[in-house]
Amino acid sequence: MTATRWPAPAKLNLFLHVNGRRPDGYHELQTLFIFLSHGDWLEFEPLPDTVQLTLSPAIPGVPDEQNLIIRAARLLQARLPSPQGAHIRLEKVLPMGGGIGGGSSDAATTLVALNHLWQAGLSEDELAELGVQLGADVPVFVRGRAAFAEGVGERLQPVELPSVWYLVLKPDCHVATAAVFQDPDLPRATPKMAFHNLLEGTWKNDCELLVKKRHPEVANALGWLLEYAPSRMTGTGACVFAQFEDEEAAREVLAKVPKGWDGFVAKGENISPLFVTLQQISDWGIAKR
């Protein structure tokens with residue numbers, strides 16, 4: 001077994017409530033994260049005795065200083081007692097601006113994988129602290145468990161959700177998270193609720209109406225999907241999703257998706273594929289000794 005190829009799974013926000021804006025400009029949220037059996041892949045080749053970090057292929061229009069993968073590697077690199085670098089290869093599957101966590105998941109996988117490969121020895125808590133510097137969603141990917149999140153998304157309570165399948169559609173548009181949260185028309189006054197009350201209520205996404213107004217493509221995709229199953233937008237968009245009891249039912253609807261639309265079917269996972277990979281590699285290392 002080699003420890004070079006690591007998953008960076010997608011996530012869904014099964015609901016997303018915006019409870020208010022803090023004095024520092026960030027928003028108080030309540031949301032429910034679940035992972036999907038679908039995502040990007042990253043390969044890591046450690047380079048000893050150098051601080052060189054390279055990524056291929058480069059993401060068009062995203063310089064290294066803005067790339068979450070390189071930024072994550074540099075944050076971890078700064079915690080090493082001696083220089084180490086890496087060449088990183090990205091197999092990009094998840095769309096950018098889709099609300100399913102592509103960039104955040106890539107950053108978390110970089111932290112977790114290089115912490116292992118560089119033998120940095122940082123704890124999960126320490127990696128999560130590095131992750132929140134990169135984005136509010138990064139810690140949930142680092143911790144690898146489905147979770148109810150509060151604060152700006154950093155306060156996580158692990159949960160166990162039913163095993164179901166999801167059909168995810170990606171409209172042909174890019175939704176900028178910052179633009180959504182800066183929009184004066186974003187609802188910001190959903191009352192905070194206890195988690196058990198949220199589980200019993202009707203789930204919604206407070207960003208959905210605004211994004212549908214700004215991006216008709218999202219409204220069209222959601223309207224189409226609602227014909228087959230209860231559907232919502234995830235995160236700040238653009239992806240929308242519907243829940244199904246089994247894979248066959250989800251794939252039957254996927255086969256009817258209008259030509260030119262992108263979509264995929266994936267299973268909801270309480271334990272992230274990244275966490276599973278790390279555990280397998282760790283167990284193999286122990287057995288090898």
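Each residue was assigned an accessible area with a 1.4 Å probe, and for Lys267 the value is about 70 Å².
Grouping the Cα pair distances of segment 170-289 into 10 Å bins from zero gives a pair-distance distribution of 11, 31, 30, 18, 8, 2 percent in increasing distance order. Once the mean of 1/r is taken over each pair of separate Cα atoms and inverted, segment 101-158 shows a Kirkwood hydrodynamic radius of 11.2 Å.
Apply 1/(1 + (r/R0)^6) to the Cβ-Cβ distance of Glu227 and Ala194, taking R0 = 45 Å, and write down the FRET efficiency to the nearest 0.05.
Numbers: r = 34 Å, r/R0 = 0.75.
The formula returns an efficiency of 0.85 here.
Can you tell me the length gained on complete extension of the stretch Val276 to Gln119, counting 0.36 nm per residue apart and subtracting the Cα distance? Present the calculation step by step, with values, prior to reporting the outcome.
Working: separation 157, 0.36 × 157 = 56.52 nm, distance 1.85 nm.
In short, 54.7 nm is gained.
Calculate, for Leu161 and Glu129, the FRET efficiency according to 1/(1 + (r/R0)^6) with r their C-beta to C-beta distance and R0 35 Å; round to the nearest 0.05.
0.85
The C-alpha atoms of segment 157-197 occupy a region whose extents along the principal axes are 33, 30, 14 Å, arranged from largest to smallest. Once you treat every alpha carbon in segment 52-182 as an equal point and sum by Debye, what is log10 I(q)/I(0) at q = 0.12 Å⁻¹? Log10 I(q)/I(0), no solvent term: -0.51. Each residue of segment 189-202 was assigned a 3J(HN,Hα) from its phi angle through the Karplus expression (A = 6.51, B = -1.76, C = 1.60, θ = phi - 60°), giving 10, 5, x, 5, 9, 5, 4, 5, 6, 5, 4, 8, x, 8 Hz with x at Gly and Pro.
Over segment 218-289, the reciprocal of the mean inverse Cα-Cα separation, the Kirkwood hydrodynamic radius, stands at 14.7 Å. Look at where the Cα atoms of segment 41-62 and of segment 133-158 average out, and the two centres are 25 Å apart. Taking 7 Å steps out from each Cα toward its Cβ at Trp261 and Ala178 produces label points 3.1 nm apart. Using 0.36 nm per residue of separation minus the Cα-Cα distance, give me the extension gain between Leu209 and Glu65 in nm, one decimal. Using 0.36 nm per residue and subtracting the Cα-Cα distance, I get 48.6 nm. The alpha-carbon atoms of the chain, seen along their principal axes, cover 55, 47, 39 angstrom, with the largest extent given first.
Once the mean of 1/r is taken over each pair of separate Cα atoms and inverted, segment 1-122 shows a Kirkwood hydrodynamic radius of 15.7 Å. Our helix-only sum for the chain, with -39,500 (n - 2.57) per DSSP H run of n ≥ 4 divided by its residues, gives a mean residue ellipticity at 222 nm of -9500 deg cm²/dmol. Here segment 115-211 is described by how far its Cα atoms reach on the three principal axes: 46, 31, 29 Å, from widest to narrowest.
Taking θ as phi - 60° and the Karplus parameters 6.51, -1.76 and 1.60, the scalar couplings of segment 263-270 work out to x, 8, 10, 8, 8, x, 10, 6 Hz in sequence order, x denoting glycine and proline. Taking all protein chains together and a 1.4 Å probe, the residues Trp118, Trp224 rank Trp224, Trp118 from largest to smallest accessible area. Distance between the C-alpha centres of segment 175-227 and segment 74-100: 30 Å, rounded to the whole angstrom.
The values are calculated or read from the model by the stated rules, or taken from the named source; none is laboratory data. What you see is a predicted model; the values in this text were computed from it and never measured. Reconstructed Cβ throughout: ideal geometry from the backbone, glycine too, with neighbour counts over all protein chains shown. Heavy atoms of the whole protein, side chains included, go into the accessibility calculation; ligands, DNA and RNA do not. Shrake-Rupley method; radii C 1.70, N 1.55, O 1.52, S 1.80 Å.
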